[in-house]
Every structure is written in C-alpha cells, then in structure tokens.
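All of the numbers you see were taken from the coordinates with simple rules; none came from a lab. Everything numeric here is computed off the predicted structure, so don't read it as measured data. Ideal geometry is used to build each Cβ from the backbone, glycine not excepted, and the neighbour counts take in all protein chains shown.
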Amino acid sequence: MEFRRAGKSGLTLSRLGLGTMTWGRDTDEHEAAEQCRAYLEAGGNFLDTAAIYGDGDSERTIGGLVGTFFRREEIVLATKAGISFENGLRKVGTSRRDLLSQLEQSLTRLGTDYVDLWQVHAWDSENPLEDTLSALDYAFSSGKARYVGISNFSGWQSARAVSLQEKVATKAPIVSLQNEYSLLNRSIEIEISPCAQNLGVGILAWSPLGRGVLTGKYRYGTPSDSRGASPHFANFVEPYLDARSNRIVEAVCVAAEGLGFSPLEVALAWVRDRPGVTSAIVGARTGAQLRGVLTSEEISLPQIVRSALDDASAVF
C-alpha cells in the first residue's frame, strides 16, 4: 500500500485508513480481528477511532488486539476527543479539562501509553480555542500524543487553529484535518482543502464512500442488512438518498461498468487521489467486505473518467 506524509509533518500514513466506528457494537471482536488482519496484510498502517465510538467500546476492542494481532509499533493509532453523550444527548466539550480527561480514558482503553495522532473531534463554540489548543500542547509535550490534529472544523476554524499553533515553536503543530469528503459531499473543496494545502496540513477523508451510498447498494431500495436499515445509522445515511445523490451514484456505476471495476473502487479511488488528501478512512462490517474495499488500492482512474465524475458531482 502506498504511504503519504500528512502535509509537511513527519507523520506517514497509508493512503487508506481503517475506520473503527462500529467496532465493539455492530462489529464484534472476532470480526474486528479479521478486519485488522486483512488490513495489515494489505500493507495498511493507520487505525482511526474516537472516544465516543461505541461509548468507548471501539477503543477497548482495539486495545484487546494490541499485542495479539499486531505489535504496537506496527500501526499509527489515532483517536479523538471532545464529544460525549449525556442522558442520550450529544454534547461537545473541548475544554482543557474535558479533553485531557478523555485522553487518559482513551489511553486506558487502548492499553497504550501514547497515541500517534490525537484529534479534537469537533469545534466548540462555547469554549475558547486557546484553551482547547492548550490540551493539545500538553498531550504533545508529555509524549502522550506524537502528533495532533483537528476534525470537523470549518475552513476558517481550521485556519485559525493551525495558525495559532504555528506562531510559537514550542506549541504542538496541527498536522491533519479530518473531514467528510466524497463524490456526494465535496464541500471541503470550498475552504478546507485550500486551507490544508496552503498551510501544509494533511487531509484525512472520512466517509469517502458517501456513507455507503456510493457502493450502489441503495440504488433499488434499502437492504435489510445495510447501515441504512440500522437503528444506529439510518439517519446518518438518509441525507444521501436524494435525487442529486442518485444521479451521482448512477454516474459512478456507469464509469465502473466501463472500466470493469466496482462502483466502490471507482468512488474510493476518486477521493483517495484528490489534491491534499493524505488518507481516505474506510470502514466495513466484515473482513470479507474490507477485502473488497482494499482492492481499490490496485487501481487508478483515467483522467477522462475523473473529469466526468467531477462534472457529475459539481456543486459550485
């Protein structure tokens, strides 16, 4: 698998990352182990999780695999902090106190002394940005996080955070921006991609398959075993089941048929090789599904196909 640096940093990631949002909930330990094995055998090195995934169960599952299915030094382990649920309600809290508390809990669940990449999971309009960034500085200087990043920030928010950290040599440099990016959602191209490329920061693309819709599985309805039929993810998938998304999916399917690839391979290769993208983060329900996803590593899209998909999915 090809490796890329995150912007101008020394952090090197495989250009396909393994997302673990469902681990410990919809994906049990056995399936997680199978996915991990398939991913490492394909040459991947980047596991992405978050404190909130499965209320910590994703991190616990990964912690159970460290030392059993892989050595700690074999992987780049990334997690996020700043979102929690209280009484069933989503809460964003990125104060220094909240973030560092979550970091300690994450390290315990993961069974490690450090994470390779620690990310602020979301922007918190109720907390001073400087307070949030001071938590990244502590994690970095203490060695509990080798690198730091931010996730789901807007363009101006990202630029502000990166610039503040660049001003002082002793502060933790932000090396990555993790945002949703796919043929169905190209909004990061307006401000976030230019921000990342101009400031020397890598882009980590989450949901590069349009929350699963770009695989083509929803063309004729919602399969009973799909995320769209899951009580956890139905609302997550539903925004991409509209007429515009359907047109883009059809364009992907036409391109796939002409190239002899699957729609999944076409959609993923498109994101993976967009300007500024360091890694596209993919998830799967089973090891067999993941092996299908990993076949995209073997292909590249002809420029004429990329241009056609650019036109079909253009939003500005």
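For the chain, the longest stretch holding no GluC sites (Glu not before Pro) located in a DSSP loop with at most 16 other Cβ atoms within 10 Å is which? Longest gap between qualifying sites, sites excluded: 192-316. With 19 Å as the limit on Cα-Cα distance, the pairs of LYS8/LYS167; LYS144/LYS171; LYS144/LYS167; LYS8/LYS171 that go past it are LYS144/LYS167. For the range 65-201, the spread of Cα positions along the three principal axes, ordered from largest to smallest, is 43, 37, 34 Å.
Report, to one decimal in Å, the Kirkwood hydrodynamic radius for the range 1-122 based on all distinct Cα pairs. When all Cα pairs of the range 1-122 are included, the Kirkwood radius is 14.8 Å.
Sequence-distant contacts, meaning Cα pairs under 8 Å at least 6 residues apart, place the relative contact order of the range 141-270 at 21 percent. Once you have a ≥ b ≥ c as the square roots of the Cα gyration tensor eigenvalues for the range 78-151, tell me rounded if a/c is under 1.5, and otherwise prolate or oblate according to whether a/b is larger than b/c. Since a/c reaches 1.5 but b/c is at least a/b, the shape of the range 78-151 is classed as oblate. Placing unit charges on each Cβ (+1 for Lys and Arg, -1 for Asp and Glu) gives the chain a dipole about its Cα centre, and among GLY64, LEU16, LEU264 the Cα reaching farthest toward its positive end belongs to LEU16.
For the range 30-88, what is the convex hull volume of its Cα atoms per residue in Å³? Show your work: numbers first, answer last.
Details: hull volume 4.8 nm³, N = 59.
Per-residue hull volume (Cα only) is 82 Å³.
The Rg/Rh ratio of the range 206-311, with both radii computed over alpha carbons and Rh defined as the Kirkwood radius, is 0.94. Within the chain, DSSP assigns beta bridges of which about 20% are antiparallel (rounded to the nearest 5).
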